[in-house]
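Following: one structure in structure tokens, then a few remarks.
We did not get these values from a lab; they are worked out from the coordinates using the rules stated. Everything quoted here is computed from the prediction, not taken from an experiment. Methodologically, a virtual Cβ is constructed for each residue, glycine included, from the backbone with ideal geometry; neighbour enumeration extends over all protein chains shown.
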Amino acid sequence: MDQHERVQQAGRARQVRSDLAERDVVALATTWVDNSGITRVKAVPVQRLEHAAAWGIGASPVFDAFLPDDSIVAGRYAGGPTGDLRLHPDLTRVTVLAEQPGWAWAPAVRYQQDGTVHPQDQRGVAQRSVAALAAGGYTARTAFEIEWTLSTTEPDFTPAAVGPAYGYTRLIERSDYLRDLLVALDRQSVSVDQIHPEYGSAQYEISVANEDPVAAADTFVLVRETIRALSLRYGLRASFSPKVVADGVGNGGHVHLSLWRDDVNLFSAGPGPYGAHQEAEAFVAGVLGHLPALLAIGAPSPASYLRLIPSHWAGPFQVWGLENREAALRLITGSPGDPGAANLEIKPFDAAANPYLLVAGLIHTGLAGIAGAATLPDPVNVDPASVPEHEYAQHGIVRLPTTLAATTDAFEADDVLTTAFGDALAATIVDLRLAQVARFADATPEEIVAAERWKY
């Protein structure tokens with residue numbers, strides 16, 4: 001960021017500050033998501049917004065090395081007490097918060113003191129992945145499904161609703177809460193597609209409209225923190241953890257993605273499998289081939305692997321299929337009235353993930369598939385768990401890694417992801433995952449769940 005850009009940023013911030021003051025906003029919360037998936041924050045009074053926009057808000061780079069429990073890993077590239085970064089809020093995403101009166105929010109990009117983007121800035125990595133898409137002549141549309149579980153107590157879990165899965169009773173039990181959530185998101189300009197009770201105990205899900213991948217990651221953060229704030233106002237605690245109860249189904253964070261070129265959705269009206277164009281097929285094949293490594297980003301908690309079990313619709317098999325909710329990659333062909341809605345759903349991921357790293361990883365592995373003209377194996381359109389294990393190879397069925405240690409090994413060996421992320425970020429992700437593996441090496445599922453339940 002040079003002097004000219006700083007002057008421009010200050011000018012934009014002046015108008016934003018005026019608008020915020022008219023809406024009785026007194027402070028701006030500026031967030032980033034760390035490598036462990038936790039949303040961190042620095043805030044400034046609105047009177048300091050112009051300075052913050054031009055010169056940033058100081059923050060230590062040590063946050064790159066934070067674990068979910070706030071302990072710090074002394075890694076190869078992060079974890080020490082030296083250095084300083086500058087957080088610059090993205091003024092195009094400033095949002096007045098409906099559930100935090102007097103507050104506004106904006107995601108940040110973290111810069112180094114020399115004005116360049118910090119190598120471990122996760123939102124910057126996502127922005128570069130979108131630029132790589134554009135360089136190839138493509139765009140993408142992305143959306144997150146967000147599942148969460150409500151409790152009336154903490155640290156233990158006491159379900160805040162007792163109605164049956166997907167049951168109207170459960171909606172009635174919390175209809176005021178869900179209404180207020182929809183009102184809050186509408187006031188924050190978040191477009192909601194649907195909301196409903198989910199399968200797990202006191203579990204709900206919300207789906208939002210698709211956006212540019214970076215914007216979708218921003219919206220994921222905004223929606224999750226809005227749910228958290230609203231829940232507290234109702235005297236409830238919201239958990240987005242992959243597992244809230246050891247024998248429960250867990251919270252997912254599925255990602256939907258479609259690939260576009262010249263305003264054409266490459267997942268529809270093509271000659272390939274179920275209407276996919278050649279580029280879309282290659283993109284999906286790239287993601288499928290790199291899934292074990294992607295899990296180190298999309299399922300980054302030891303609790304994630306308590307969720308990734310067969311017959312729980314979590315996608316624990318490295319296969320793809322048409323509308324197959326047990327396949328890791330579910331191809332959705334859209335509806336006759338809206339063929340442009342065709343997309344790929346990636347199911348093994350959960351809300352412990354950093355959404356910016358997630359979209360970046362998907363884009364880079366998909367582009368690698370296109371570059372290599374990758375082709376898909378035959379689809380698996382049955383429940384893989386219904387196939388005898390000795391017939392897996394015959395049907396092309398592969399179980400995804402079942403431990404964080406195994407996915408970390410896969411990530412470290414994945415040249416596409418480690419190159420795209422850069423040496424410092426890739427090494428720090430590995431350092432953090434291995435620290436989590438060591439911390440929970442002898443823990444029972446119940447101990448893992450209890451430790452992670454309120455971290456996400």
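Brief remarks on what is shown
- Once the chain from residue 132 to residue 394 is taken as fully extended at 0.36 nm per residue, the excess over their C-alpha distance is 90.6 nm.
- Check: the chain dipole with +1 on Lys, Arg Cβ and -1 on Asp, Glu Cβ, in debye: 1000 debye
- Label-to-label distance, nm, for residues given as residue 175 and residue 24 (7 Å Cα→Cβ offset): 2.9 nm
- Taking the stretch 11-35 and a reference point 7 angstrom along Cα→Cβ of residue 187, the backbone N atoms nearer than 13 Å belong to 23-25.
- Secondary-structure-derived ellipticity at 222 nm for the chain, considering helices only, amounts to -11000 deg cm²/dmol, per-run term -39500 (n - 2.57) for DSSP H runs with n ≥ 4.
- Dipole of the stretch 17-138 computed with +1 at Lys/Arg Cβ and -1 at Asp/Glu Cβ about the Cα centre; of 102, 21, 132, farthest Cα towards the positive end is 132.
- FRET E, pair residue 14, residue 406, Förster distance 35 Å, beta-carbon r, rounded to 0.05: 0.10
- Cross-link partners of residue 243 among lysines (Cα-Cα below 28 Å; sequence separation of 8 or more within a chain): 347, 455
- If both residues of a DSSP beta bridge must be in the chain, then about 85% of such bridges are antiparallel.
- Gyration tensor verdict on the chain (Cα atoms; rounded if a/c is under 1.5, prolate if a/b is larger than b/c, oblate otherwise): rounded
- Approximating the spin labels as points 7 Å out from Cα along Cα→Cβ, the residue 3-to-residue 194 distance works out to 5.6 nm.
- Residue 269 paired with residue 382, simple spin-label distance in nm, labels 7 Å along Cα-to-beta-carbon: 3.6 nm
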